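Here the structure comes first, spelled out in structure tokens, and everything after it is commentary.
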Amino acid sequence: MKSYKKTSRFLGASFLLQAIASLISTFLLSPLIIPGNIINTMTNIGNNVFQIRASIMGEMVAVIGIVMLGVLLYLTLKKQDGKIALIALGLYLLTVAIIAISRIPLFALLQISQESIIADHPAYFQSLGNMFYELQEFGYFLHMLPYTLGAALFYYLFYKSDFIPRFLSLWGLLAASLALIGSVFDHLGFEISMLIFLPTLPFDFAIGIWLIVKGICTDR
């Protein structure tokens, strides 16, 4: 069974890199956010400068992982359907741009929060803080639309190629489709359970480990 071992390992490492970096970034940021209470949120953010900067840095590492992942997936799957692979790559690059832009309001929120703590949270700082918080939240969730759509296209090509076991391709298609549906309904204002996004993370780890250990097979 022939494998492109070197490409497979880089591809698997890219899956793991973006998944781990994104998980760490979320783990650092989430405990500081108090839904519906901008004063407590700004106090937490202003008093945990290193944690916020580490979270932003984690997202930037995740961005690098997504770029690597998109390029390697395109190179691996373009022979299955070059147009679909190119569209998926474009969606991944759009994802990267959205994530990077969405971290600017978070950095601004950090600066505003520090000033607000010193001034004892006057109303105008609360308004600014709430605006930057909503902007970074909107940008962060917006990136899920192109990312999950691009992922679904790549996993369709994986299913078509037989480069990896079909159960992995179907898992990826299901996870990406559920996350895409959840993102659409979230942007339409519906309350969405975070459980709909749950299959995505274990899939990234599963396919990452599989590609590193087993590789891409070309003669199934």
Enter the angle in degrees (range 0 to 90, nearest 10) between the Cα long axis of helix 49-77 and the first principal axis of the Cα atoms of the chain, meaning the one along which they spread out most. 20 degrees
Among 76-88, 150-162, how do they line up from the highest to the lowest mean number of other beta-carbon atoms within 10 Å? 150-162, 76-88
Relative to the longest principal axis of the chain, what angle (0 to 90°, nearest 10) does the C-alpha long axis of helix 166-187 take? 30 degrees
Expected max-MSF residue from Thr148, Thr41, Thr95 in the GNM of the chain (alpha carbon, under 10 Å) is Thr41
What full-extension length gain, to one decimal in nm, is calculated for Arg9 and Ala119 as 0.36 nm per residue of separation minus the Cα-Cα distance? 34.4 nm
Quick one: which of 123-131, 197-205, 102-110 comes out on top by average Cβ neighbours within 10 Å, and what's the full order, highest first? 102-110, 197-205, 123-131
With every protein chain in place, what's the accessible area of Ser177 (1.4 Å probe, Å², nearest 10)? 50 Å²
May I ask for the angle, rounded to the nearest 10°, between helix 144-161 and the longest principal axis of the chain, with both axes built from Cα atoms and the value confined to 0 to 90°? 10 degrees
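Could you rank Ile118, Ile52 by how accessible they are, 1.4 Å probe, largest area first?
Result, largest first: Ile118, Ile52.
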May I ask you to compute the full-extension gain from Cys217 to Ile84, defined as 0.36 nm times their residue separation minus their alpha-carbon distance, rounded to one decimal in nm? 45.8 nm
Once fully extended, how much extra length lies between Ala206 and Ile34, figured as 0.36 nm per residue of separation less the alpha-carbon to alpha-carbon distance? 58.7 nm
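The values are calculated or read from the model by the stated rules, or taken from the named source; none is laboratory data. In this text, all values refer to a predicted model and were calculated from it rather than measured experimentally. In this analysis, Cβ positions are derived from the backbone assuming ideal geometry, glycine residues included, and neighbour counts consider all displayed protein chains. Each accessible area value is taken on the protein alone, full model and side chains, heavy atoms only, with ligands, DNA and RNA left out. Shrake-Rupley method; radii C 1.70, N 1.55, O 1.52, S 1.80 Å.
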